[in-house]
Each structure stands twice: as C-alpha cells, then as structure tokens.
1. Please name which of ASN105, GLN116, ILE131 has its Cα lying farthest along the dipole of segment 78-142 towards the positive end, using unit charges on Cβ (Lys, Arg +1; Asp, Glu -1) and the Cα centre as origin.
2. So if the hydrodynamic radius of segment 14-74 is defined as the Kirkwood radius over C-alpha pairs, what does Stokes-Einstein give as its diffusion coefficient at 37 °C and 0.692 mPa s, in µm² per second?
3. Can you pull the accessible area of LYS29 for me, 1.4 Å probe, Å² to the nearest 10?
4. In deg cm²/dmol and to the nearest 500, what is the mean residue ellipticity at 222 nm of the chain if only DSSP H runs of at least 4 residues count, each as -39500 (n - 2.57), divided by the residue total?
5. What order do GLU109, GLU79 take when sorted by accessible area (1.4 Å probe), most exposed first?
6. Could you tell me the ratio Rg/Rh of segment 60-105? Both radii from Cα atoms, Rh via Kirkwood.
7. Compute and list, largest first, the equivalent-ellipsoid semi-axes of the chain from the alpha carbon gyration tensor, each √(5λ) rounded to a whole angstrom.
8. Roughly what would the spin-label model give for ILE165 and ASP84, points 7 Å off Cα along C-beta, in nm?
Amino acid sequence: MNNIEHEAKLLGINPVEIRQKLEKLGVVKVGEYNFRRYVFDTIPATQNRWVRLRSNGVETTLTVKEIESDAIGGTKEWEIVVSDMDSALIILEKIGIKPRGYQENNREEYNLDGVQVVIDHWPKLDPYVEIEAENSKAVVATAEKLGFSYDDLVASNTSDLYKAIGIDLKEVAELKFTPGEKNA
C-alpha cells in the first residue's frame, strides 16, 4: 500500500481564472463540498502527525497524516472510510481521544487526466489550488497544463499557511467562516 501523498499548492491564484483554464482544457467539475473536520493529536502527541475525522457531506473518512518533509511527496497518509461522522466522533471520545479543534472549508474538485485539482477556500486565507496525483511528476505536469511552473508549487500544509498569517491551528478550537466572508 502506497501511503505517500503527492500534492502541492498554487498560492495567490484567482479562482475565476483557474476555472476558465480548466474549462479550456475540457475538465468537468467532480463536485463542490463543504468540509467539516475534527483534528486530534496522536498519543503521544507528535509534532508532525495528527488524526483527522472529516466529512464532505457525502463521505466521511478517518485519516492519520504524517509530514516527513516539505517536498511534494513529503506527506504520508493512512485513511479509511467510516459510515457516520457523529458515531465515529463518539467512539474516539469514548476511548479517550478528544478533538483539539474543529475546522470547516469549501472545496471545488476537478479531475484533469486522472489528477485531482481542487480550489480550496479556508477562513481567513486566500483561495488556493491543490494538485494531488499518483506521483510528483504528474503534480508538476498538471501545474504546467494550468500555466504554472515547478517553482510556483508549494508543498506546505494548510497549518503552515495559517502560521504565515499568525494563526496556530493547534491553538484554535473552532475555525469557521465569519458572516460575510467568502466561503465558496
């Protein structure tokens, strides 16, 4: 089982321009999702590893993510589908694993030649594109199809993007869109 996650972000994007580029490439939107997630520290707590219980309204997953480096293939992920987010949360809490935070974000998902291309919207962050593929080469090739280069790609995780604006997600109990904030 390959647990390496090959993904990178394009920051400072204009969602309208990205949608137009995807449309010109003949890409069809897979869907739009409103994600809800609970994040948990591992036991013992480890700096670059955490647990996520997430639902997009259609599917709920329980995931362990582990960052080994800021490279495109620097994150490992183990994920299973669970049938019910609320029940999974209760089970985790009953065995002593309580969430350290709750987060929401919105995502537009596209499939470009078998590569996942998403436009993510998070509270207080500018929208960004995330590209995830079977390997790093496909991530770079997809960025190039969208008019970007390898140098435009950023392998930082979302927590790092929040740190850059002075927000430590480990200290935020709830991360939600505020009234009037663009959430899609």
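1. Highest projection toward the positive end goes to ASN105.
2. Estimated via Stokes-Einstein, D reaches 226 µm²/s.
3. Only protein atoms counted, so the area is about 80 Å².
4. On the way: 4 runs with 37 residues, N = 184.
Dividing the helical sum by the residues of the chain leaves -5500 deg cm²/dmol.
5. GLU79, GLU109
6. 1.05
7. 27, 18, 17
8. In this crude spin-label approximation the distance works out to 3.6 nm.
The values are calculated or read from the model by the stated rules, or taken from the named source; none is laboratory data. What you are looking at is a predicted structure, and each value in this text was computed from that prediction instead of being measured. Cβ sites come from the backbone with ideal geometry, for glycine too, and all protein chains shown count toward neighbours. These area figures cover heavy atoms from the full protein model, side chains too; ligands, DNA and RNA do not enter into them. Shrake-Rupley method; radii C 1.70, N 1.55, O 1.52, S 1.80 Å.
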